[in-house]
Each structure stands twice: as structure tokens, then as C-alpha cells.
Amino acid sequence: MIAAVSWVPKGVSKSVPDVADPPSKDEVEEILKSNLEKSVESENEEQDEGMDAEAAKKGEVVSQALAAADALGKASKSTTSSSNFQDITDGLQELNMEDYDDEDDGIDIFGAGIGGTYYPSNDMDPYLQGQADYDSEELEDVIIKAEDAVLICARNEDEVWIYEDPAGGDSNMYVHHDIIIPAFPLCLAWLDCPIKGGEKGGSGTQVALFFGTLLVIVFIFPVYYLQIFFFLLAGNFIAVGSMEPSIEIWDLDIMDEVQPSVVLGGIVEKKKKKKKGGKKKSIKYKEDSHTDAVLGLAWNKEYRNILASASADKLVKIWDVATGKCDITMAHHTDKASVQAVAWNHHVPQVLLSGSFDHTVVLKDGRIPSHTGFKWSVSADVESVAWDPHTEHSFVVSLENGTVSGFDIRAAKSDQSSDSKPSFTLHAHDKAVCTISYNPLAPNVHVSPLSIDMSLMLDLTVKLWDLSNNQPSCVASNNPKAGAVFSISFSEDSPFLLAIGGSKGRLEVWDTLSDAGVSRRYGNLRNQNRS
């Protein structure tokens with residue numbers, strides 16, 4: 001299953017990604033400690049589920065005996081049962097299972113002797129010398145060309161895919177490398193903030209400006225001046241939200257990395273306290289952390305160190321990724337409902353939109369921190385929200401009941417509890433519309449307020465809509481082989497390429513201009529399709 005997809009801008013990725021250094025001694029010890037705690041916790045949970053200890057012990061002995069007999073090659077049909085029993089007994093004695101736990105104390109997972117010696121880098125390890133050198137064929141697969149399109153695909157593990165531009169022939173798409181993550185990923189956000197050198201970028205100033213505490217400086221120095229602090233400090237990172245309450249940020253220019261560059265929030269420790277009527281878990285979270293799954297992420301392209309997150313804990317949080325801290329927590333959604341999606345306005349970067357299962361969409365403006373925001377009621381659970389990239393006033397929201405509604409914020413009521421009617425309501429599908437994506441190109445070259453919106457549903461169909469004049473018309477429909485579609489995204493570099501991910505775990509890229517209807521209507525933009 002593919003829960004989310006994200007494009008990486010062309011030319012950003014390192015042509016030959018670095019290979020991660022092995023973890024330090026402290027990191028190895030921390031990993032071992034964490035794995036041990038998880039193992040102990042797992043054992044305790046199994047016991048708490050009412051497993052009969054004595055029966056489990058007998059089953060364990062039998063399993064050990066059978067494994068020992070099989071390992072020693074002494075289980076033979078030609079032997080007598082007495083002989084088999086003696087062989088199993090001998091095998092257990094040889095394995096010394098009674099002292100097994102004692103022998104594990106202090107074990108070196110990397111082996112013993114010279115082979116297990118720790119080296120600060122691969123270059124110093126005689127067993128790895130020369131291994132980082134690629135032959136010509138391997139190097140060809142590793143190199144990321146400037147014209148290659150790079151996609152991040154959130155599956156059981158995050159995957160970096162390369163989509164080779166088909167300008168000269170057939171397209172080619174393949175997995176470049178994997179990023180192993182501890183929990184199932186639910187959402188992604190690409191960002192280029194230099195999180196490993198945030199102190200050089202004046203991130204604190206940007207956060208202060210964002211939240212309106214230094215508005216005078218905002219008016220004197222526009223956003224593009226603030227970007228001067230960052231222009232020499234770029235990066236290539238992916239933020240991942242998952243079933244865990246933490247947000248992990250990984251460096252996409254490093255292969256075989258075992259730890260994220262930054263972790264926002266998360267669990268410090270889990271304990272079990274005895275209460276009347278049974279045991280109860282006690283979970284300690286990091287300061288200002290989410291306390292449930294992270295369902296939505298949005299990176300601010302102007303204030304590049306700012307990331308917004310939506311969670312099943314009903315909260316929206318604003319993070320400074322350069323410092324790794326949460327600066328603002330917002331609890332404007334109600335009814336114990338998950339916040340499913342967040343999106344920054346493309347033209348006014350201080351404006352944030354959020355959608356929730358409480359059947360509301362809320363707009364908050366960071367320039368007016370004390371303002372309660374504007375709220376729109378919708379007819380079902382919110383699945384996704386998206387701002388029109390071509391105007392600062394319009395956004396669309398997709399719902400669980402298969403509809404897509406468009407709104408104009410200029411019609412919002414001043415009492416902050418807006419019952420304003422939508423600009424349009426599109427009955428796009430019969431089932432939930434999981435996500436929507438605007439085409440970033442078309443309106444820029446048309447006089448009319450034309451926008452292209454992709455909506456999709458769990459009945460395996462992807463539809464392309466023309467939303468001109470708030471009168472939606474279906475331009476094209478596609479049934480990809482991705483299964484039930486959960487995520488789509490138009491490319492910024494090649495605006496008619498649409499990435500599609502779904503239940504079958506198969507990533508697809510649809511060149512929408514290959515559809516006859518799309519080609520007739522937008523074929524004159526073909527030369528602008530490739531950057």
C-alpha cells in the first residue's frame with residue numbers, strides 16, 4: 001500500500017548520494033537499549049493477554065527441542081523414539097539453553113575478535129575497504145541526473161524512485177534506494193531547510209516574524225530578503241508522519257542511513273502502572289509532542305524552517321525544523337475528531353488551512369495570532385484540503401462522502417463562524433475522495449480563471465476536472481493499476497505528469513497529456529510541459 005507520494009524538485013538531489021557512516025558507539029548502545037526495551041515490553045504484553053505461563057513454557061521447551069534436533073541433524077525416521085529423545089536431550093545440553101540469557105549479557109551484535117572491532121568510518125575498516133567503489137553499471141544506477149524526476153513513495157518503508165524523462169523515448173522508472181522507518185508512513189512533505197545548520201539561518205527571527213511578534217520588520221523587510229539568510233544553506237529532506245506521534249526528517253542525499261536527521265516530538269518512555277482492575281500504560285511524551293498518529297504535513301515554502309502537522313490527537317502544530325521544537329499548538333477543532341489535513345496558502349505564507357473529521361475547515365492567519373480564525377462547515381469528514389496555486393482567495397476540500405467543494409475566503413463572515421456557501425460543490429465520486437492536487441501550470445497561460453483539479457476515489461478511478469468559472473467539467477478519467485488510490489501529486493517541473501499511489505503498493509506516473517481530451521484542450525501548453 002502506498003499512502004503518500006511526493007516529488008523532489010529536479011536538480012536538487014545530489015548526483016551521487018553519500019553512503020551513511022556506521023552509527024557511533026553511543027548510537028549503537030542506544031539502539032540496543034531501545035530494542036531490548038521493546039522486547040521486554042512485547043513479552044509483558046503477551047503475558048498480560050492471559051497466556052498460560054506453564055503451557056507457554058512447555059511449548060517453548062518443545063520448540064527448543066525440535067529446533068535443536070533439526071539443527072544437529074539427529075531427527076531420523078530410522079531411529080527409535082527412545083533414541084530420538086536422547087538425541088534431543090543431548091542437543092539441548094550442547095546448546096545450553098538454561099544459561100542462554102546469561103550468555104547474551106554484553107553480546108556484541110557485530111561479532112567478536114578483529115571482525116567485530118568498531119571503526120569510526122568505512123574507510124578505516126579493512127573489511128569494507130573498496131566496497132564503496134561502484135563499477136560502471138552500479139554507478140549508472142546510483143547517479144541521479146539533473147533531468148531525472150525524483151519521487152518519494154511512502155510504503156511499508158519510504159522509497160526513493162527515479163522517473164527518467166521520456167523526452168527522447170519511453171519512460172523508465174525504478175527504485176533508487178529505500179529508507180527504513182519504524183512505523184507505517186501516512187504522509188510526506190519535502191523540504192529544503194538546512195536543518196543541520198539552522199543556527200546560521202536565523203530561524204528564530206523567521207519564526208518570530210511568522211507569528212506576528214515583529215510585524216514592523218515584516219513590513220520593512222519582505223520575505224525574499226529573509227531568504228538571503230538561507231540561500232546558501234539548502235538541503236534535500238523528507239518529513240514523514242506515521243502511526244507514531246513523532247515526525248521523522250530524513251536526508252535524501254544519504255543512502256543506507258539508519259537514523260533520521262531530526263525527530264520532532266515522540267515518546268520518551270512507556271511504563272505500566274498497576275491500577276485497580278488491572279494494569280494501565282503510562283506514556284511519557286517529549287515536550288509539545290503530538291500524542292497520536294500524524295495524519296498530515298505541510299511545509300512552508302517561504303518560511304522554509306516551518307512545518308505544520310495535523311494529528312489524530314485533534315491538534316495542529318507548527319514546528320521549527322531548524323531547532324526541532326514546536327512553537328505553536330492549535331486546538332481549534334472539536335468533538336474529539338482527528339485533524340486530517342493542513343495546507344499553507346501559496347501567496348500569503350502566514351495563512352494556514354486545516355480540515356478535520358469534525359466536519360469543519362478552519363483558516364488561521366499567523367499575522368494575527370490572537371484571532372480565532374474563520375471556520376467553514378462541510379457535510380462529511382474532511383479527507384484533504386488544497387489551496388488554488390493561482391489565486392490567494394480560493395481553496396478546495398474533498399470529503400468522505402465523495403464530494404469536492406470550493407470556497408472563496410472573501411465570502412467568509414466576520415463573526416468567525418462562517419456559514420458561507422461554497423463556490424461550487426462537485427459530486428465527483430460515489431466514495432471517499434482521499435486527496436486532490438492542482439495542476440501548477442494551466443491558469444498562468446489562460447486569461448480565464450482556469451484551474452485543473454485532480455480528485456480520486458476508492459473505486460480505483462482518477463478524474464481530471466476543469467474548474468473554470470466555478471463550473472466543474474470532467475476532462476478525463478483514468479483507471480490506473482494502483483488499486484484503490486490514496487495519494488496523487490502533480491509535478492512542479494513537468495506539470496502534466498501525475499504521480500499515483502494506492503492499495504496495490506504500485507507507484508504509477510500518468511502523463512495526462514497522453515489523454516485525447518486533455519491534449520485537445522491543453523495541447524498548446526505541451527512545450528511548457530518540460531522544464
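The values are calculated or read from the model by the stated rules, or taken from the named source; none is laboratory data. All values derive from a computational prediction rather than experimental measurement. Positions of Cβ are generated from backbone atoms using ideal geometry, with glycine treated the same way; all protein chains shown enter the neighbour counts. Ligands, DNA and RNA are excluded from the accessible area calculation, which covers all protein heavy atoms including side chains. Shrake-Rupley method; radii C 1.70, N 1.55, O 1.52, S 1.80 Å.
Here each label is just a point 7 Å from Cα along the line to Cβ, and for ALA337 and ALA20 those points are 3.9 nm apart. Compared with the alpha-carbon gap, the fully stretched path from ASN469 to ASP292 is longer by 59.7 nm at 0.36 nm per residue. Over 19 Å apart at the Cα level, from the set LYS14/LYS145; LYS25/LYS325; LYS145/LYS301; LYS364/LYS413; LYS375/LYS421; LYS10/LYS317, are LYS25/LYS325; LYS145/LYS301; LYS10/LYS317. Annotation: peptides 253-266, 298-311, 143-156, ranked by per-residue average of other Cβ atoms within 10 Å with the highest first, follow the order 298-311, 143-156, 253-266. Residue ranking by accessible heavy-atom surface, 1.4 Å probe, largest first, among ARG410, ARG367 comes out as ARG410, ARG367. Seen from every direction in turn and averaged, the convex hull around the alpha carbons of segment 315-419 projects onto 6.9 nm².
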